[in-house]
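Below you'll find the structure, written out as structure tokens, and then a few comments.
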């Protein structure tokens, strides 16, 4: 093994094989996937994200939600007893497992590798926008014992004008957190609104895919 | 040695033509020629190591005490320090800042020694080193300021990636020039690994930059390519360089040739063939075609071949020399690293199967596994290499044996405790998450039992995470000891090295002899 | 002999591996995602595996014939020379310093 050229050819070929197998072929197989069209309503499945939700994706990326939250409902490799569903579904994280088609258009992907917090593949089906804002502002006050970091920097304090901002935080629902002084309110920044729009759009169980029928 | 005599010996590869003294002088000259570039790489990597460790402790603390460092005095609440930015900043600092920079430094030295030529074109290396550090700095700042790309292991904004890639291209050009000028003779196994790593990494990095960030593909394919990359950074960049170091230093320090060169060949090619296929096992049960996962699981299982061959080979080389662990700092770190490599790989194989992966995936166990690989294996290997290389670069002895011992014991104990904490916590978390470990066992009335709620599972991980933070502090103490020793050495404290090779040689140094006697 | 064994074991592992891909109960299979075209890559993978096995066998045969495996032990010895011959240990903890030195260093850290 003393010729550099031999060495190089070997190094090249071994790597090319994996590159073809794990990059090129999956791309060929899945790259052409299209959203499914609902036969009755004509709606796209998965639906396209709104502009605000699209921007919310970037907020999600920039603040590293992906390091604690996955977005995939898995099947189970175990032989489950009759009538039992895979644990992800049993936990209420989705009505069915997720498929490649569920992730169309996602750049970057947020499949995730860690579940310090619950799976978010269908979190839009579980909470309202107001709850999300309160939770992002003070997670530990909303879910006792939560270790999710507070995202207070996505909210700002401002003087109340007129009847106040509709989506200002309602401190009577955030136990144990000091409200701002009289005449002020805490409102979400644009970033927080986008982020919550994105979270509310995460509803992968709300439509059916043909591959889910199998 | 003068350039002329270097040329002469290049023309005359006959091994017997040089006297021992000439040999030693030749080697010393080669070592000295690495001095500037290696010091650039090692010095800056030390800085990133410290910073990375601090970021690690902050991130780790935030996981059990979420209000820790959320607000800054005067600034109030800032995004800069949120967990979701500190964690990727830590990862990128230690991967690109510490480990890669140290690896490049070790590569330079190994290449010079194994090609048996003095380092030429030092300016290329220094430029590459400066650019590399600039890239890491820009990238880290970008992550902290919220410009992360959001793709794990590739969070650095594209601008930083571009700088890093340029720097890497310069390194490759230099490496090719070195290879072209090497002295005729065998290509030693370490060189294959380095050659492979220097070729594989830019391809990987360039490929994912294009496919994930510049012309991004969508959804699941992103996931596949993402993990193909992230796993291969370990497998085809850090592992080869770590093994190259072990294959050179273990024989060199013990003074015994590798036990079986045949095994080393088998190990190299099976690693090249199988490791590159492993990435898909990060998506077991996920939304990707099942064949990708199956192929990756097979490849992961096949990793048993390179791992066992390397382990056997190193063990048999070490056999009969284990007493040297007491006296040689390099060997301590390198052997510790080599043993961790076996552990990390066997653990990795065991985690790849669908059944085990269902439990360990999405838990702290995986984080623990990557620390076995990156810390207990690779980082310890780099420490060992630096203990060997530095005195030869600067012609100066390490100032304090005690600091070396503190460094070893703090990092070894800290590392092992961290792994145990993460593995234990991860298994508990995993078993509870998939409802195998139930709160109440199944009964007649309640046939599937009562699973733990998510918040209960979360609470269960907290004690483990506390232990992990403590171990991080211990590791930090070890790193500080190393840093002090490093700086003192550069400040020329401690013993001067009196002969060009040496350390523990029954050499011509009367002073050393008197001291050791 | 060694060569033949290596090639055989590689081939064996690849084939067994591919057949039993996940070492898990077959029942699991109804969970696998089968998009309509997913058999194509599977077939490609089978072919690729065979190709790899064959080329590994060929490469090893070639390597054996052309003498790549000869003189292996001498390769292992290329990192030693007269200056640092086989048998010489080349690393050791720095010596403890004589008294005089120690005092000078005390201010810093020893």
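The values are calculated or read from the model by the stated rules, or taken from the named source; none is laboratory data. Source: prediction; values computed, not measured. Using ideal geometry, Cβ is built from the backbone for each residue, glycine included, and neighbour counts are taken over all protein chains shown.
Could you tell me which residue of segment B:392-407 is nearest to the chain's Cα centre (by Cα), considering only residues that are crowded, with 22+ Cβ neighbours inside 10 Å and more than 8 Å from chain C (Cβ to nearest Cβ)?
Among those residues, the one meeting the criterion is B:407.
Only residues that are surrounded by 18 or more Cβ atoms within 10 Å (Cβ to Cβ) and closer than 22 Å to residue A:143 by Cβ: list them for segment A:85-112, please.
Within segment A:85-112, A:87, A:88, A:89, A:91, A:93, A:94, A:110, A:112 qualify.
Hand me the list of helices (runs of 4 or more DSSP H) wholly inside segment C:29-110 holding 3 or more residues that are modelled with pLDDT under 75.
The qualifying helices (runs of 4 or more DSSP H) are C:39-65, C:99-106.
Output the residues belonging to segment A:1-27 that are farther than 23 Å from residue C:57 by Cβ, in contact with a helix residue (DSSP H, G or I) (Cβ under 8 Å, 6 or more places away or on another chain) and more than 7 Å from chain B (Cβ to nearest Cβ).
Once the filter is applied, which keeps residues that are farther than 23 Å from residue C:57 by Cβ, in contact with a helix residue (DSSP H, G or I) (Cβ under 8 Å, 6 or more places away or on another chain) and more than 7 Å from chain B (Cβ to nearest Cβ), segment A:1-27 yields only A:25.
In segment A:178-199, which residues are over 24 Å from the mean Cα position of the chain (by Cα), without any contact (Cβ under 8 Å) to a residue 40 or more places away in the chain and within 23 Å of residue B:67 (Cα to Cα)? Spell out the reasoning first.
Here is the first cut: in segment A:178-199, the residues over 24 Å from the mean Cα position of the chain (by Cα) are A:178-186.
Checking which are without any contact (Cβ under 8 Å) to a residue 40 or more places away in the chain leaves us with A:178-185.
Across segment A:178-199, the qualifying residues are A:178, A:179, A:180, A:181, A:185.
Filter segment B:323-349 for residues that are part of a helix (DSSP H, G or I), farther than 22 Å from residue B:426 by Cα and within 14 Å of another protein chain (Cβ to nearest Cβ) and give the result.
Correct list: B:324, B:325, B:326, B:327, B:329, B:330, B:331, B:332, B:333, B:334, B:335.
For segment A:13-45, enumerate the residues that are part of a loop (DSSP other than H, G, I, E, B) and more than 21 Å from residue B:292 (Cβ to Cβ).
Answer for segment A:13-45, where residues must be part of a loop (DSSP other than H, G, I, E, B) and more than 21 Å from residue B:292 (Cβ to Cβ): A:35, A:38, A:39, A:40, A:41, A:42, A:43.
Scan segment A:49-61 and give yes if some residue there is touching a strand residue (DSSP E or B) at 6+ places or on another chain (Cβ under 7 Å), more than 8 Å from chain B (Cβ to nearest Cβ), surrounded by 21 or more Cβ atoms within 10 Å (Cβ to Cβ) and not in a loop (DSSP other than H, G, I, E, B), otherwise no.
Among the residues of segment A:49-61, not one is touching a strand residue (DSSP E or B) at 6+ places or on another chain (Cβ under 7 Å), more than 8 Å from chain B (Cβ to nearest Cβ), surrounded by 21 or more Cβ atoms within 10 Å (Cβ to Cβ) and not in a loop (DSSP other than H, G, I, E, B), which makes the answer no.
For segment B:251-288, name all the residues that are at positive phi and either more than 11 Å from chain A (Cβ to nearest Cβ) or not in a loop (DSSP other than H, G, I, E, B) (or both).
Matches in segment B:251-288: B:255 only.
Which residue is surrounded by the fewest Cβ atoms within 10 Å (Cβ to Cβ), if the candidates are limited to segment B:210-232 and must be modelled with pLDDT under 90 and more than 9 Å from every other protein chain (Cβ to nearest Cβ)?
B:215
Taking the options B:104, B:51, B:81, name whichever one is over 18 Å from residue B:479 (Cβ atoms) and surrounded by fewer than 23 Cβ atoms within 10 Å (Cβ to Cβ).
Answer to the check: B:81.
Any residue at all in segment B:131-138 that's in contact with a helix residue (DSSP H, G or I) (Cβ under 6 Å, 6 or more places away or on another chain), buried (at least 24 other Cβ atoms within 10 Å of the Cβ) and touching a residue at least 24 places away in the same chain (Cβ under 8 Å)? Working first, answer last.
First pass over segment B:131-138, keeping only residues in contact with a helix residue (DSSP H, G or I) (Cβ under 6 Å, 6 or more places away or on another chain): B:131-136, B:138.
Cutting the leftovers down to buried (at least 24 other Cβ atoms within 10 Å of the Cβ) gives us B:132, B:136.
Filter once more, keeping what is touching a residue at least 24 places away in the same chain (Cβ under 8 Å): B:132, B:136.
Yes, segment B:131-138 contains a residue that is in contact with a helix residue (DSSP H, G or I) (Cβ under 6 Å, 6 or more places away or on another chain), buried (at least 24 other Cβ atoms within 10 Å of the Cβ) and touching a residue at least 24 places away in the same chain (Cβ under 8 Å).
If we keep just the residues of segment B:162-187 that are facing chain A (nearest Cβ under 10 Å) and assigned to a loop (DSSP other than H, G, I, E, B), which is surrounded by the most Cβ atoms within 10 Å (Cβ to Cβ)?
Residue satisfying both the conditions and the ranking: B:187.
To keep it simple, each residue is scored yes or no on (1) more than 10 Å from every other protein chain (Cβ to nearest Cβ); (2) over 30 Å from residue B:288 (Cα atoms).
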{"site": "A:117", "(1), (2)": "no, no"}
{"site": "A:126", "(1), (2)": "yes, no"}
{"site": "A:144", "(1), (2)": "no, yes"}
{"site": "A:159", "(1), (2)": "yes, yes"}
{"site": "A:182", "(1), (2)": "yes, yes"}
{"site": "A:190", "(1), (2)": "yes, yes"}
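Kindly provide the set of residues from segment A:140-177 that are surrounded by 14 or more Cβ atoms within 10 Å (Cβ to Cβ) and in a helix (DSSP H, G or I), ordered by number.
Listed by number, the residues that qualify are A:140, A:141, A:142, A:152, A:153, A:154, A:171.
Which of (1) closer than 28 Å to residue B:320 by Cβ; (2) touching a residue at least 40 places away in the same chain (Cβ under 8 Å) is the odd one out, the single condition residue B:303 does not satisfy?
Of the numbered conditions (1) closer than 28 Å to residue B:320 by Cβ; (2) touching a residue at least 40 places away in the same chain (Cβ under 8 Å), the odd one out for residue B:303 is (1).
Sort through A:108, A:100, A:87, A:81 and tell me the only one that's facing chain B (nearest Cβ under 8 Å), at pLDDT below 85 and more than 23 Å from residue B:275 (Cα to Cα).
Details: A:108 fails: at pLDDT below 85; A:100 fails: at pLDDT below 85; A:87 fails: at pLDDT below 85.
Only one candidate passes the filter, namely A:81.
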